[in-house]
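> Following this message is one structure expressed as C-alpha cells.
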Amino acid sequence: MIAVDDATPAQSLAATPCVLVVGNFDGVHLGHQAVLRQAVAHARSAGLSASVLTFDPHPAGVVGGGAPQRLTTLERRAELLSELGIERMYVRRFDAAFAAWQPERFARDLVAGALRASLVVVGENFRFGAKRAGDLTLLRALGAELGFGVQVHAVASDAHGRYSSTRARQAVVAGDLDEVRRVLGRPHALTGPVVHGDERGRTIGVPTANLDPIPELLPPYGVYAVKVDRYGDAERAFVPLAQGVTNIGVRPTVTSGVTSGRLTVETHLLDFEGDLYDARLRLHLVARLRDEKKFGSLDALKAQIARDIEGARVAVAGS
C-alpha cells in the first residue's frame, strides 16, 4: 500500500533519499505510466525509494483559468501509482501562498529539503515557482547546487497523438470510450456513495444503486455497460462486485418523484441481490450502449432495459 503524505507545510518528510517524479498525474494515463515505470526501475537499481510529488487542488484553479474537471481523485491516483511501484505520494496543497514561492525556494525547501530528492523526474514542459519563472535550465542549476540530478521525460504518444489528461477528458466528454481506453490504458471510472432515490426501479423489477456525489468527470447522458467494484473495509480497497447497466441522465420517461429532472447516475447490478445503501461503489465504464431517450410507456422502458442488460453482458464479456 502506498504511503500518502501531506507536504503542506514543507517539512522534513522523507526518511531516505528518493527518486522524485513531479506532476499532477490526473488520470495516470499511459504517458504517465511509462515515466513512472522508468523512475521505479531507476530507483530500485540505485537503492532509492520511488516517490511522487503532486498538487491539490489543480494549479490552474489558483493561477490559471480554472481547474479542469478531474479524471481521478487523489485516492484513485494513489491506488494507480501504487500498482506501478511508487512507494510514497506527497500531496502539496496548491494555494496562493505556495504559488508565490520563488523557484529557488521550491527546489531548496521542498524538493531537496523536505523530500530529499536524489533525482527529480519532470516533463519537458515543466515550469515551477512564482509566475512559472523556473525552467529546466534553472532546475538543473539548482540541482547541481543542492545535490539532486534532473531527468526530463519526453511526452509519449500513439498514432492518435500525445497521451495527455486533456486528450482523455475530451474523449470522456465526447463519450468515446475506446479513445479513453487508448489514453488511460483502462476504462474511465466513477466513484460515489449509494444514496436513496425514488426506488422506482424496484417497481419495474430493476432495482438500481444511485451514486451521489460523483467527483470525476461525467460522460454524456446515456446508458453504459459497467464493471462495479465495492469498497471493502476489511480489504481497505475496492474489490470486484458485479457487472451492471448504468444510466446517466435525467430519466425523461419518469416525470415525478424527488429526483425528477435532476441528473442521476443509477446502476442496475446484474445477478446481484442485497442492500447497498451507503456503500461506496466504483463504476468502470466499459462501453456506451445508447443515448438516453424518453419512452412512451413504462412497458417500453422495461423492454429496452432488458435489451440493455443483454448488451451489457456482451460488452463486459468482450472487454
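The values are calculated or read from the model by the stated rules, or taken from the named source; none is laboratory data. These numbers were taken from a predicted model, which means no experiment stands behind them. Because the Cβ atoms are built from the backbone with ideal geometry, glycine has one as well, and the counts that use them run over all protein chains shown.
Residue by residue, here is whether (1) of a type in the set (V, I, T); (2) in a strand (DSSP E or B) holds:
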{"position": "L110", "(1), (2)": "no, no"}
{"position": "V120", "(1), (2)": "yes, yes"}
{"position": "N125", "(1), (2)": "no, no"}
{"position": "L142", "(1), (2)": "no, no"}
{"position": "V152", "(1), (2)": "yes, yes"}
{"position": "V155", "(1), (2)": "yes, no"}
{"position": "R169", "(1), (2)": "no, no"}
{"position": "E179", "(1), (2)": "no, no"}
{"position": "R182", "(1), (2)": "no, no"}
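> Working carefully through the options G123, G113, G85, G64, find the one that is of a type outside the set (S, T, Y) and free of Cβ contacts under 8 Å to residues at least 12 places away in the same chain.
None of the other options fit; the residue is G64.
> Hey, another quick one. Is it true that L146 is more than 14 Å from L30 (Cα to Cα) and more than 15 Å from the chain's Cα centre (by Cα)?
The answer is yes for L146.
> Answer yes or no: is there a residue in region 72-83 that is out of contact with any helix residue (DSSP H, G or I) (no Cβ under 7 Å at 6 or more places or on another chain), over 25 Å from V239 (Cα atoms) and assigned to a loop (DSSP other than H, G, I, E, B).
no
> While we're looking at this one, here's another question. Among the residues of region 25-44, are any surrounded by 20 or more Cβ atoms within 10 Å (Cβ to Cβ), within 16 Å of the chain's Cα centre (by Cα), closer than 28 Å to V173 by Cβ and of a type in the set (D, E, K, R)?
Scanning region 25-44, I find at least one residue that is surrounded by 20 or more Cβ atoms within 10 Å (Cβ to Cβ), within 16 Å of the chain's Cα centre (by Cα), closer than 28 Å to V173 by Cβ and of a type in the set (D, E, K, R), so the answer is yes.
> Looking only at region 96-110, count every residue that is among the acidic types (D, E) and either in contact (Cβ under 8 Å) with a residue 40 or more places away in the chain or outside the structural domain of P59 (by TED's automatic domain parsing) (or both) and tell me the total.
Counting residues in region 96-110 that are among the acidic types (D, E) and either in contact (Cβ under 8 Å) with a residue 40 or more places away in the chain or outside the structural domain of P59 (by TED's automatic domain parsing) (or both) gives 1.
> Go through region 238-263 and report how many residues are modelled with pLDDT under 95 and either in a strand (DSSP E or B) or under 19 Å from I204 (Cβ atoms) (or both).
11
> Would region 124-134 turn up any residue that is modelled with pLDDT of 95 or more and under 18 Å from the mean Cα position of the chain (by Cα)?
No, there is no match, as no residue in region 124-134 is modelled with pLDDT of 95 or more and under 18 Å from the mean Cα position of the chain (by Cα).
Table: residues versus (1) in contact with a strand residue (DSSP E or B) (Cβ under 7 Å, 6 or more places away or on another chain); (2) of a type in the set (F, W, Y); (3) modelled with pLDDT under 95.
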| residue | (1), (2), (3) |
| --- | --- |
| D6 | yes, no, yes |
| A15 | no, no, yes |
| F25 | yes, yes, no |
| H32 | no, no, no |
| G47 | no, no, no |
| A50 | yes, no, no |
| P59 | no, no, yes |
| A67 | no, no, yes |
| E79 | no, no, no |
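> Would you tally the residues in region 282-299 being in a helix (DSSP H, G or I) and free of Cβ contacts under 8 Å to residues at least 12 places away in the same chain?
Going residue by residue through region 282-299, those that are in a helix (DSSP H, G or I) are 298-299.
Checking the rest, the ones that are also free of Cβ contacts under 8 Å to residues at least 12 places away in the same chain come to 299.
Residues that pass the stated criteria total 1.
> Is region 189-200 home to any residue that is over 19 Å from A279 (Cα atoms) and outside the structural domain of A67 (by TED's automatic domain parsing)?
yes
> Could you check region 184-205 and list, in sequence order, the residues that are of a type outside the set (A, V, I, L, M, F, W, C) and either touching a His at 6+ places or on another chain (Cβ under 9 Å) or modelled with pLDDT of 95 or more (or both)?
Of the residues in region 184-205, the ones of a type outside the set (A, V, I, L, M, F, W, C) are 185-188, 191-193, 196-203, 205.
If the condition is that a residue be of a type outside the set (A, V, I, L, M, F, W, C) and either touching a His at 6+ places or on another chain (Cβ under 9 Å) or modelled with pLDDT of 95 or more (or both), then G185, R186, P187, H188, T191, G192, P193, G201 are the ones that fit.
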